[in-house]
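Take a look at the structure below.
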Amino acid sequence: MAQSSTETDWVSRFADEVIAEAERRAPGKPVVVASGLSPSGPIHLGNLREVMTPHLVADEIRRRGIEVRHVLSWDDYDRYRKVPAGVEGVDESWAQHIGKPLTSVPAPAGSAYGSWAEHFKAAMVESLAELGVEYDPISQTEQYTTGVYREQVLFAMKHRADIDAVLDQYRTKQKPGGKKPQQKQVDEAELEAAEGSGAAAEDDGSSAEGGYFPYKPYCGQCGKDFTKVTAYDDATTELTYVCTEDEFTETVALSEFNRGKLVWKVDWPMRWAYEGVIFEPSGVDHSSPGSSFQVGGQIVHIFGGEQPIGPMYAFVGISGMAKMSSSKGGVPTPADALKIMEPQLLRWLYARRRPNQSFKIAFDQEIQRLYDEWDKLEAKVADGSVLPADAAAHTRAVRTAAGELPRTPRPMPYRTLASVVDITAGHDEQTLRILSDLDPERPLASLDEVRPRLDRAENWITTQVPADQRTLVREEPDTELLASLDDEGRESLRLLLEGLDSHWSLDGLTTLVYGVPKVMAGLEPDAKPTPELKVAQRTFFALLYRLLVTRETGPRLPTLLLAVGADRVRKLLAA
Ligand SMILES: [Zn+2]
């Protein structure tokens, strides 16, 4: 069988494995891959791996013409565990809702959405659309409250002794908690503390007195899950619970009752069996004995299903994010990343690293280097010199089975765009003039040619670059510094100004700024640099920065000169 060169990366290898497994388990049916996200607060950028890993595999399967369903489970029927810190429009009073399903908690003040879950889901939905991620969303609130899992709930109650026996093997060694970890979080210690405080029992449904029940109702009076099942009759499905919060008690027929859910360690494998999930990765801190993935692997058999292929994915870090507005609780979301980089770049970061490799998403200066690397890759793809694995990652970044992602028509270097908007403070007319001067042979007709990359670079400059690293072009010449120059200093500035008009392009000005110190040293303009010459060049550049932007460094000088404009350069450098 002929294999194209793009079928050599980790995505292809998983796709092979998943297709083979799907054929074995459910021949002729669509392949099912799954992700789960809990809208318990802002959904962090790190959690994007939970979606991107199955997305890339599903997309590869779809490209091969095989029907595939990417189920994205919104765990919005989970209990509200705690009030996240630093979320705008939320205060201490939200603590009164702890224990309710996330869809029954009010949204932050001022939100356009009807509930806490809807509010935090919305931002993620928007980002996933921008990233070209196609999925089949499933609200667990909807599933449970409309009785979709009725049969599974009754089945779990009937087989509660079998489930309890599986869970019991792990109870002595398990750590508290156990909710499917998507990604270690900034506030993980806090989260674990919350889970450790009594959530262990909640997670598997164990109860010291009165036997084991894998189902937990939300209270009919207070709507919270501080409930305890006290009796269950298999024949009639009559279930009695009592609420430990308000002592409310009632007896319901579970065959008709829709206000509760299976405990997490039973819920997850139930859904694997229900949906026929073949592939679902989870966070790397998840391989410990007693973890819900491991326990689920046994419980799923009780439901007549099989455990999905479930690679553990490694940590995704963030480098150098500036202090975000408090509305984000101090952690970046995918929307924050998409404000400073195009979706292709973000997809590429995930596609080029195997799930078990950790990496960082750059919010600092590193993003400029990353974009340089990306542009080099695009050039290699264009001229055919790209290596197969790099080509595969590139393809997955720029298009999905549905088509090409919208791209910047003329992708000028990110660092150049960033420097220009830094200097022009986002003034469009000035930006257009400067960008056209960079390459006078091919001037820009409109800024739309460099969008959306230009907008991303501008957002990066304005939201992530600290004020003391921004470039402020002087309004008036530094007369004191100019007056202190010796003859050599004056002469070098004169040579630069003399050459401005005839060198007014990126390439031309590069030749000019490096050339002036050569001429001053009596060398030809194309002379090879000596150590002495390099020192002279550095001294000259530092002088120019000080005169133009009152600092020792700044954006690359040719870009800076173009950005400042010839008239203002003359005004600031005329000795
Ligand atoms: Zn209650």
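The values are calculated or read from the model by the stated rules, or taken from the named source; none is laboratory data. Being a predicted model, the structure only gives us computed values, none of them experimental. Note: ideal-geometry Cβ built from the backbone for every residue, glycine included; neighbour counts use all protein chains shown. Side chains are part of the model used for accessible areas, which takes the heavy atoms of the whole protein and leaves out ligands, DNA and RNA. Shrake-Rupley method; radii C 1.70, N 1.55, O 1.52, S 1.80 Å.
A few remarks follow.
- Filtered residue count, region 27-66, keeping only those that are open to solvent by 10 Å² or more (accessible area, probe 1.4 Å) and free of Cβ contacts under 8 Å to residues at least 60 places away in the same chain: 6
- Where helices (runs of 4 or more DSSP H) fall wholly inside region 394-478, the ranges with 2 or more residues that are under 30 Å from the mean Cα position of the chain (by Cα) and surrounded by 15 or more Cβ atoms within 10 Å (Cβ to Cβ) are 414-424, 453-464.
- First in region 100-118 and closer than 21 Å to ASP246 by Cβ and modelled with pLDDT of 95 or more, second anywhere and of a type outside the set (Ser, Thr, Tyr) and surrounded by fewer than 17 Cβ atoms within 10 Å (Cβ to Cβ), Cβ under 7 Å, 6 or more apart: LYS100/GLY223; SER104/GLY223
- Count - residues of region 219-239 that are within 14 Å of the ligand (Cβ to nearest atom) and surrounded by fewer than 15 Cβ atoms within 10 Å (Cβ to Cβ): 1
- Matching residues, region 299-309, being touching a strand residue (DSSP E or B) at 6+ places or on another chain (Cβ under 8 Å) and either in a helix (DSSP H, G or I) or buried (at least 20 other Cβ atoms within 10 Å of the Cβ) (or both): PRO308
- Only residues that are open to solvent by 50 Å² or more (accessible area, probe 1.4 Å) and more than 21 Å from TYR232 (Cα to Cα) were counted across region 120-147, and they come to 11.
- Residues in region 502-532 that are over 28 Å from ASP439 (Cβ atoms) and either part of a helix (DSSP H, G or I) or of a type in the set (S, T, N, Q) (or both): MET520, THR530, PRO531, GLU532.
- Among the residues of region 240-256, just one is outside any strand (DSSP E or B), surrounded by fewer than 18 Cβ atoms within 10 Å (Cβ to Cβ), away from the ligand (no atom under 16 Å from the Cβ) and not acidic (Asp, Glu), namely SER255.
- Only a single item in (1) in contact (Cβ under 8 Å) with a residue 60 or more places away in the chain; (2) in a helix (DSSP H, G or I) is not met by PRO269, and it is number (1).
- Residue check, GLY178 away from the ligand (no atom under 16 Å from the Cβ), under 29 Å from LYS360 (Cβ atoms), open to solvent by less than 60 Å² (accessible area, probe 1.4 Å) and modelled with pLDDT under 95: yes
- Subset of region 69-85 [of a type in the set (A, V, I, L, M, F, W, C), open to solvent by 20 Å² or more (accessible area, probe 1.4 Å) and touching a residue at least 24 places away in the same chain (Cβ under 8 Å)]: ALA85
- GLY198 at pLDDT below 95, under 22 Å from VAL300 (Cα atoms) and either outside the structural domain of LEU45 (by TED's automatic domain parsing) or open to solvent by 20 Å² or more (accessible area, probe 1.4 Å) (or both): no
- When ARG538, ARG551 are checked against the criterion of being among the basic types (Lys, Arg) and within 23 Å of LEU417 (Cα to Cα), ARG551 stands alone in meeting it.
Residue-by-condition table, conditions (1) β-branched (Val, Ile, Thr); (2) in contact with a helix residue (DSSP H, G or I) (Cβ under 9 Å, 6 or more places away or on another chain); (3) open to solvent by less than 60 Å² (accessible area, probe 1.4 Å):
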position	(1), (2), (3)
ASP501	no, yes, no
THR511	yes, yes, no
TYR514	no, yes, no
ALA521	no, yes, no
TYR545	no, yes, yes
LYS571	no, no, no
